[in-house]
Amino acid sequence: MSDITVKYRRDLHKIPELGQDTVRTSEYIKKALSDTNCRITSPIPGSVCAYFDAGRPTAKAFRSDMDALPVSERSNVPYRSQIDGCMHACGHDGHMAMLLDFAHFVDAHISELPSNILLIFQPAEETTGGAKYICESGILKEHRAEAIFGIHLWPDLPFGEIATIDGGMMARSAEVSLTVEGRSAHIARAEKGRDALMAAVEFMTRSYRMTETEPEIDSHRILRFGKLSSGSARNIISGESRLLGSMRTLDDPTFELMQKRMQEIAKEVELETSCKLDLHFSEGYPAVVNDPCLYKTVVSAYPDTVKTLPEPVMIAEDFAYYSKCVKSLFFFLGLGTEQPLHSPDFDFDDSVLKKGCELYQKLAFLKL
């Protein structure tokens, strides 16, 4: 890593952009790549892909996310965000800087590499799942990518530590929304009403119990509701409730079983309360699942560089879409900081990027 890598990170930190609206970020990346011998394309709006042709039959792909968050930065560092209400609070500026550094390494060593190299700068990780649309664009197939790698800066690991895990690493997610339609009535005439608040609470209680106790479910899973809106007055039976939550699992069978059981619980509560329960699950992101063979190959080749996570994490990441269409391996790079991701105070020591750059260089030479 050179001083220019730090400059990349700090320049990009100043110009955060949201979702797929990454025009200034894209232009910066293209300009940074202009002195390399690569073919630049934009398979989806806001993206930049750089292809380095080593004349090999297959390619390795490397991905960085590009988008920022609608967060107002609190720090007063010289490179603080210049965009009000928007900042790189999730490390994507560092991810892009590492990949730009790697691009120049690839350009200097292309004739020595066992694979062609495809670099993917991807927008909309935080919003609509830009990885899905990159996959659907066909660019991985077009360049015969046999594997894809990605790194995410991670506050909870010691500074500079790189870690991954075999199989499920990050959660499949969905937002859970329940609408309950009952009938309002004064509490003095409660028998005339249908209590939408009670129905929502009963649904939540039974769903929690199902998640925690049913023996058929034997996997990492989370179901929690964070918001309940209901009723109009303390002495009026609620005629409508809205319950909002989130569900996470590490595998599709567990996810589908929990969905099925919650739908069954909704039907049970309907019959018992005479309220109408409408349960909806968003599409969410799939789980990030690392390829076991790729994991073994990398950990065996670089045991002193890559550690093993003690357990998966239940945060979602749209890198998951890549793992559904090509062998993939995702890494965390430790920041050793108390500032969590998405915090308005989030920042990190730029020198940690050296570790990610070195890992990418090693992966470039790895024979799969």
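The values are calculated or read from the model by the stated rules, or taken from the named source; none is laboratory data. Because the structure is predicted, anything quoted here is derived from the model rather than measured. Positions of Cβ are backbone-derived with ideal geometry, glycine not excepted, and every protein chain shown enters the neighbour counts. Just the protein is used for accessible areas: all its heavy atoms, side chains included, with ligands, DNA and RNA removed. Shrake-Rupley method; radii C 1.70, N 1.55, O 1.52, S 1.80 Å.
Count, please, the residues in segment 187-201 that happen to be in a helix (DSSP H, G or I) and touching a helix residue (DSSP H, G or I) at 6+ places or on another chain (Cβ under 9 Å).
4
Restricting to segment 56-76, count the residues that are open to solvent by 20 Å² or more (accessible area, probe 1.4 Å) and within 16 Å of residue 366 (Cα to Cα).
3
Could you tell me which residue of segment 26-37 is surrounded by the fewest Cβ atoms within 10 Å (Cβ to Cβ), considering only residues that are among the hydroxyl-bearing types (Ser, Thr, Tyr) and within 14 Å of residue 104 (Cβ to Cβ)?
That would be 34.
Would you point out the residue of segment 96-143, among those that are touching an Asp or Glu at 6+ places or on another chain (Cβ under 6 Å) and of a type outside the set (A, V, I, L, M, F, W, C), that is most open to solvent (accessible area, probe 1.4 Å)?
Ranking the qualifying residues of segment 96-143, first place goes to 126.
When residue 186 is evaluated against the numbered criteria (1) over 24 Å from residue 284 (Cα atoms); (2) surrounded by 14 or more Cβ atoms within 10 Å (Cβ to Cβ), which criterion, by number, is the only one it fails?
Of (1) over 24 Å from residue 284 (Cα atoms); (2) surrounded by 14 or more Cβ atoms within 10 Å (Cβ to Cβ), only one is false for residue 186: (2).
Where residues in segment 1-25 are in contact (Cβ under 8 Å) with a residue 60 or more places away in the chain, assigned to a helix (DSSP H, G or I) and open to solvent by 10 Å² or more (accessible area, probe 1.4 Å), which of them is farthest from residue 50 (Cα to Cα)?
Looking at the filtered set, the residue picked out is 14.
Identify the residue in segment 79-92 that is in contact (Cβ under 8 Å) with a residue 60 or more places away in the chain and more than 15 Å from the chain's Cα centre (by Cα) and, among all such residues, is farthest from residue 18 (Cα to Cα).
79
Check residue 355 against each of (1) out of contact with any helix residue (DSSP H, G or I) (no Cβ under 8 Å at 6 or more places or on another chain); (2) of a type in the set (D, E, K, R); (3) farther than 16 Å from residue 154 by Cβ and name the one condition it does not meet.
With respect to (1) out of contact with any helix residue (DSSP H, G or I) (no Cβ under 8 Å at 6 or more places or on another chain); (2) of a type in the set (D, E, K, R); (3) farther than 16 Å from residue 154 by Cβ, residue 355 is out only on (3).
Could you look through segment 230-282, keep only residues that are farther than 25 Å from residue 193 by Cα and among the small types (Gly, Ala, Ser), and pick out the one that is surrounded by the fewest Cβ atoms within 10 Å (Cβ to Cβ)? Full working, then the answer.
Here is the first cut: in segment 230-282, the residues farther than 25 Å from residue 193 by Cα are 245-261, 281-282.
This time we only want the ones that are among the small types (Gly, Ala, Ser), so: 245-246, 282.
Values: 245: 19, 246: 18, 282: 12.
Among those residues, the one meeting the criterion is 282.
State all residues of segment 309-352 that are charged (D, E, K, R) and surrounded by fewer than 16 Cβ atoms within 10 Å (Cβ to Cβ); if no residue qualifies, say none.
311, 324, 338, 345, 349
Please indicate, with yes or no, whether at least one residue in segment 86-93 is modelled with pLDDT of 95 or more, open to solvent by 10 Å² or more (accessible area, probe 1.4 Å), touching a helix residue (DSSP H, G or I) at 6+ places or on another chain (Cβ under 7 Å) and farther than 27 Å from residue 114 by Cα.
Taking every residue of segment 86-93 in turn, none turns out to be modelled with pLDDT of 95 or more, open to solvent by 10 Å² or more (accessible area, probe 1.4 Å), touching a helix residue (DSSP H, G or I) at 6+ places or on another chain (Cβ under 7 Å) and farther than 27 Å from residue 114 by Cα.
Residue 337 passes all but one of (1) modelled with pLDDT of 95 or more; (2) over 30 Å from residue 183 (Cα atoms); (3) of a type in the set (S, T, N, Q); which number fails?
Exception for residue 337: condition (1).
Please go through segment 242-261 and give me each residue that is assigned to a loop (DSSP other than H, G, I, E, B) and either closer than 25 Å to residue 230 by Cβ or aliphatic (A, V, I, L, M) (or both), ordered by number.
Correct list: 250 only.
Output the residues belonging to segment 12-39 that are touching a Phe, Trp or Tyr at 6+ places or on another chain (Cβ under 8 Å) and of a type in the set (A, V, I, L, M, F, W, C).
Hits for segment 12-39 are 12, 15, 29, 32, 38.
Go through 299, 288 for me and flag whichever is surrounded by fewer than 19 Cβ atoms within 10 Å (Cβ to Cβ), touching a strand residue (DSSP E or B) at 6+ places or on another chain (Cβ under 6 Å), under 30 Å from residue 359 (Cα atoms) and modelled with pLDDT of 95 or more.
Selected residue: 299, the only one of 299, 288 that is surrounded by fewer than 19 Cβ atoms within 10 Å (Cβ to Cβ), touching a strand residue (DSSP E or B) at 6+ places or on another chain (Cβ under 6 Å), under 30 Å from residue 359 (Cα atoms) and modelled with pLDDT of 95 or more.
Could you say which residue among 54, 32, 50 is aliphatic (A, V, I, L, M), assigned to a loop (DSSP other than H, G, I, E, B) and modelled with pLDDT of 95 or more?
After applying the criteria, what remains is 54.
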